[in-house]
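My structure is below; once you've seen it, I'll send some questions.
The values are calculated or read from the model by the stated rules, or taken from the named source; none is laboratory data. Owing to the predicted nature of the structure, the values given are computational and were not obtained by experimental measurement. Backbone-built Cβ (ideal geometry, glycine too); neighbour counts: all protein chains shown.
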Amino acid sequence: MMKNKVIAALAAFFLLTPLALTAMGSNEKGSGSGEKVTLEFWTWRTEDVEFYEKVIQAFEKKHPNITVKQTAIKNTEYNTIVSASLQGGGGPDVFMGRAYGGLQTLADSGYLLALDNLIPNLKDYSEPAKQGARSIKDGKIYGLPALSQAIFCYYNKAIYKKLGLKVPTTWNEFISNLEVCKKNGITPLANGSKDGWTVETLLGGVGPNFYGANDFFNAVVAGKTTFEDPRFVDAVKKIGALRPYMPELFTGVGYTDIQGAFMNEMAAHMIGGSYEAGTFKANNPSLDFDAFPVPGTTAGKQYVTFYADMNWAVNAGTAHKEAALTFLQFLGSPEVGNMLISDLKMISSTPGVDTSLDPFVGKVITMMKNSTSYIFLVPFRYEQPTGSALWQAAGQGYLAGTLTAEQACKNVQTGIATYYKPFQQ
């Protein structure tokens, strides 16, 4: 029997009484030896419920006194629901935690358990992975790094073969491929702009090879340039150049529409994250896809965006700290890391996993050798308004035609400059 609950609408959450809210965590009195314990485990991956049930079953087989109850919440509502439940004194015992600024907000409020002295093998994790789980204020680790992601362009190999297309190595070749698809009645690019975060994904895919990847990233973080830099404006304009190849009425095309169009072979390309591959395979096993970095003006070294995506976190207020840490360490084991690779085609951050389990994962890891940090997620999500929120709104406005590229970039720069000291000098 499936133990998960999928919370599909935010409104449903606010119908919960304060008593129910407080009781959302485990309600047993303790987790001593031999005592039955139930842990609440929350995720934002509604599409991966069956996978996490498989993980839970493997854990419960090893720990029969601990029952894990999964709740999957729509990703766009997850942050609000988790924050409100923790603030109300309830929430999950163990849960998917955001990285960088998303983690910082919960850590600052005292809702996360610091793991530095509780997880022996934290020292074995890579520094980029730990960066996404470390507080910039006290330097402590508040999450067990779970996944890393890259952003690139997926393409349908069968469509490429049918139309005689080759993997593009320059921007003009990429546009030419999109044009050929369009002339043959195939939606060239699945992406739309209804959901702001997917517009940030577009920037993550297209931007690096136009704004200058790590050179620009380091300069803008240091305050040596701004988001009104002509290189960044040009990157935004390149996103605008994709509008003729997106679906009709693309401003109303949301994430599930984007995902479905590529997965069901109605679109030839999709700019997205490495986290999509497992969903594609699970829902359409016959889909023959591959990926490439969205190329820049000239052929040569092409960059993809990289970021630490997810951390396993423990509620600091859990009534079952010992059991929660036991489950946390299982989630961070090579056994689960290998399952993430083989079943979900994801890039596990866990030390000691077998990256050869899936050829596509190996391909992504190769692409990640030339990578740059996600430009708004990594340094500009620690204060309000976040760089991500500013870009998502500005990018939507630009794609809808209500803002120019220059105006969109100015909006981002002005918003971040309200708090970011390097931009105030």
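Assuming Ala129 fulfils every condition listed in (1) in a helix (DSSP H, G or I); (2) in the same structural domain as Ser348 (by TED's automatic domain parsing); (3) over 19 Å from the mean Cα position of the chain (by Cα); (4) surrounded by 16 or more Cβ atoms within 10 Å (Cβ to Cβ) apart from one, which condition is it?
(3)
Of the residues that make up segment 63-75, is at least one part of a helix (DSSP H, G or I) and either at pLDDT 95 or above or within 18 Å of Leu325 (Cβ to Cβ) (or both)?
Within segment 63-75, none of the residues are part of a helix (DSSP H, G or I) and either at pLDDT 95 or above or within 18 Å of Leu325 (Cβ to Cβ) (or both).
Please verify whether Met339 is in contact (Cβ under 8 Å) with a residue 12 or more places away in the chain and part of a helix (DSSP H, G or I), treating the condition exactly as stated.
yes
Can I ask one more? How many residues are polar (S, T, N, Q) and crowded, with 21+ Cβ neighbours inside 10 Å when one looks only at segment 278-330?
Within segment 278-330, residues that are polar (S, T, N, Q) and crowded, with 21+ Cβ neighbours inside 10 Å number 4.
Further question on the same structure: For segment 86-95, state whether one or more residues are within 22 Å of the chain's Cα centre (by Cα), in contact (Cβ under 8 Å) with a residue 24 or more places away in the chain and loosely packed, with under 14 Cβ neighbours inside 10 Å.
no
Just the residues that are aliphatic (A, V, I, L, M) and over 22 Å from Phe306 (Cβ atoms), please, taken from segment 209-241.
Val233, Ala241
Just one of (1) at pLDDT below 95; (2) assigned to a helix (DSSP H, G or I) trips up Gly300, so point out which.
(2)
Can you spot a residue in segment 405-421 that is closer than 30 Å to Gly278 by Cα and in contact with a Ser or Thr (Cβ under 6 Å, 6 or more places away or on another chain)?
No, the conditions are met nowhere in segment 405-421.
Would you confirm, using the coordinates I've provided, whether Leu103 is more than 18 Å from Tyr275 (Cα to Cα), of a type outside the set (Val, Ile, Thr) and not in a loop (DSSP other than H, G, I, E, B)?
yes
Here is a yes/no grid of residues against (1) over 30 Å from Ile56 (Cβ atoms); (2) among the aliphatic types (A, V, I, L, M); (3) loosely packed, with under 15 Cβ neighbours inside 10 Å; (4) without any contact (Cβ under 8 Å) to a residue 24 or more places away in the chain:
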{"residue": "Met346", "(1), (2), (3), (4)": "no, yes, no, no"}
{"residue": "Phe376", "(1), (2), (3), (4)": "yes, no, no, no"}
{"residue": "Gln384", "(1), (2), (3), (4)": "yes, no, yes, no"}
{"residue": "Ala408", "(1), (2), (3), (4)": "yes, yes, no, no"}
{"residue": "Asn411", "(1), (2), (3), (4)": "yes, no, no, yes"}
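For segment 137-213, give me every one of the helices (runs of 4 or more DSSP H) that falls completely inside it and has 3 or more residues that are modelled with pLDDT of 95 or more, within 30 Å of Ala324 (Cβ to Cβ) and out of contact with any helix residue (DSSP H, G or I) (no Cβ under 8 Å at 6 or more places or on another chain).
none
Look at Lys194 and say whether it is more than 13 Å from Pro295 (Cα to Cα) and under 22 Å from the mean Cα position of the chain (by Cα).
The answer is yes for Lys194.
Examine segment 171-192 for a residue that is buried (at least 16 other Cβ atoms within 10 Å of the Cβ), of a type in the set (Lys, Arg), in contact (Cβ under 8 Å) with a residue 40 or more places away in the chain and on the phi < 0 side of the Ramachandran plot, and state whether such a residue exists.
So far as segment 171-192 goes, no, none of its residues is buried (at least 16 other Cβ atoms within 10 Å of the Cβ), of a type in the set (Lys, Arg), in contact (Cβ under 8 Å) with a residue 40 or more places away in the chain and on the phi < 0 side of the Ramachandran plot.
Still on this structure, I have one more. Determine whether segment 82-96 contains at least one residue that is of a type outside the set (Gly, Ala, Ser) and either at pLDDT below 95 or assigned to a loop (DSSP other than H, G, I, E, B) (or both).
yes
Within segment 45-58, how many residues are hydrophobic (A, V, I, L, M, F, W, C) and surrounded by fewer than 21 Cβ atoms within 10 Å (Cβ to Cβ)?
The number of residues fulfilling the criteria is 3.
Can you find, within segment 251-277, the residue that is nearest to Cys153 (Cα to Cα) among those that are of a type in the set (Val, Ile, Thr) and surrounded by fewer than 18 Cβ atoms within 10 Å (Cβ to Cβ)?
The qualifying residue nearest to Cys153 (Cα to Cα) is Thr256.
Any idea how many residues of segment 127-163 are touching a Ser or Thr at 6+ places or on another chain (Cβ under 7 Å) and not hydrophobic (A, V, I, L, M, F, W, C)?
4
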